[in-house]
């Protein structure tokens, strides 16, 4: 028999896993999908007494700009820094001041069989990779009209051109296709302006 309170819940399905939606104020090993190494951007640094399972202790804490990382973390929470991760930050970014770390990226991974200082048990621990994450290359955007990859033109980057044309035409277009679409409009505008000019001139003659 299923308890009434469970009947009001939605059961986990497919790739949803236990622990991914746990209630906690701080990031834990269960929050990270096994086999993934999420990259997060440092937002702010804090230091002060926080409440953990073993009681209230003073710790360094990092918050992040991301709210979730698709395929890896459902809900990004602040990370409590231990001595190991603090040393790693110093190694890759030299200085661990707020002004130096804010906006920097770190890559997390799970290390197995880490000793839990409160119980002595072996658990999974969150670690920071001792290197600066490689910047991901933006996927090339293809023109919705001709299918070719949109490229930069003059001072405008490919992303600029795609964004501007998305606003104008509702589609990502290359410069060439954008020009083709704009030419009929410009021609129609010229004809309209010429007609208005002619009508104005004829009206002035009658007066």
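If you take the residues of region 157-174 that are in contact with a strand residue (DSSP E or B) (Cβ under 8 Å, 6 or more places away or on another chain) and free of Cβ contacts under 8 Å to residues at least 24 places away in the same chain, which of them is farthest from residue 143 (Cα to Cα)?
164
Do you know which residues across region 126-161 are assigned to a helix (DSSP H, G or I) and either at pLDDT below 90 or within 18 Å of the chain's Cα centre (by Cα) (or both)?
Once the filter is applied, which keeps residues that are assigned to a helix (DSSP H, G or I) and either at pLDDT below 90 or within 18 Å of the chain's Cα centre (by Cα) (or both), region 126-161 yields 158, 159, 160.
Looking at region 73-88, can you tell me whether even one residue there is free of Cβ contacts under 8 Å to residues at least 40 places away in the same chain, exposed (fewer than 12 other Cβ atoms within 10 Å of the Cβ) and out of contact with any strand residue (DSSP E or B) (no Cβ under 7 Å at 6 or more places or on another chain)?
Yes: one or more hits.
State all residues of region 53-65 that are free of Cβ contacts under 8 Å to residues at least 40 places away in the same chain and surrounded by fewer than 14 Cβ atoms within 10 Å (Cβ to Cβ); if no residue qualifies, say none.
Of everything in region 53-65, those that are free of Cβ contacts under 8 Å to residues at least 40 places away in the same chain and surrounded by fewer than 14 Cβ atoms within 10 Å (Cβ to Cβ) turn out to be 55, 56, 57, 58, 65.
Identify the single condition in (1) crowded, with 17+ Cβ neighbours inside 10 Å; (2) more than 27 Å from the chain's Cα centre (by Cα); (3) part of a helix (DSSP H, G or I) that residue 176 does not satisfy, given that it satisfies every other one.
Single failed check for residue 176: (1).
Check whether at least one residue in region 105-122 is closer than 24 Å to residue 61 by Cα, modelled with pLDDT under 90 and surrounded by 14 or more Cβ atoms within 10 Å (Cβ to Cβ), and report yes or no.
yes
Within 27 Å of residue 23 (Cβ to Cβ), free of Cβ contacts under 8 Å to residues at least 12 places away in the same chain and outside any loop (DSSP other than H, G, I, E, B), is that true of residue 99?
no
The values are calculated or read from the model by the stated rules, or taken from the named source; none is laboratory data. Keep in mind the model is a prediction, meaning the values are calculated, not measured. In this analysis, Cβ positions are derived from the backbone assuming ideal geometry, glycine residues included, and neighbour counts consider all displayed protein chains.
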